[in-house]
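Mind looking over this structure? Questions follow.
Where a number appears in this text, it was derived from the coordinates with a stated rule and is not lab data. It should be emphasised that the depicted structure is a prediction, and the values quoted were computed from it without experimental measurement. Note that each Cβ is placed from the backbone with ideal geometry, even for glycine, and that neighbours are counted across all protein chains shown.
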């Protein structure tokens, strides 16, 4: 996401983004944070490897099934922080 916010509204915008991110499954937030820094300095091949392992890890837990069910039932997911 790329957004330009005016200085006066920056803090409010950051809070909105935080609330949106906090709706995600906790393991996906953690793995995204772990991917960002190495992704800036590491190799493309290394980053793809990390992302493949992360996706393998994320698609197994019960939170993934909850996300899919919530999507089809058009409701917010209730993650259990697996």
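Among the residues of the range 36-65, which ones are surrounded by 15 or more Cβ atoms within 10 Å (Cβ to Cβ) and within 21 Å of residue 77 (Cβ to Cβ)?
54, 58, 61, 63, 64 - these are the residues of the range 36-65 that are surrounded by 15 or more Cβ atoms within 10 Å (Cβ to Cβ) and within 21 Å of residue 77 (Cβ to Cβ).
Every residue in the range 1-21 that is surrounded by 10 or more Cβ atoms within 10 Å (Cβ to Cβ) and part of a loop (DSSP other than H, G, I, E, B), please.
5
Find all pairs meeting these conditions: Cβ atoms under 7 angstrom apart; at least six residues apart or on different chains; first residue within the range 12-23 and under 21 Å from residue 79 (Cα atoms); second residue surrounded by 12 or more Cβ atoms within 10 Å (Cβ to Cβ).
21/29
So which of 52, 67, 35 is in contact (Cβ under 8 Å) with a residue 40 or more places away in the chain, in a helix (DSSP H, G or I) and under 15 Å from the mean Cα position of the chain (by Cα)? Break it down into steps so the answer makes sense when it comes.
On the way: 52 fails: in contact (Cβ under 8 Å) with a residue 40 or more places away in the chain; 35 fails: in contact (Cβ under 8 Å) with a residue 40 or more places away in the chain.
Going through 52, 67, 35 in turn, the sole match is 67.
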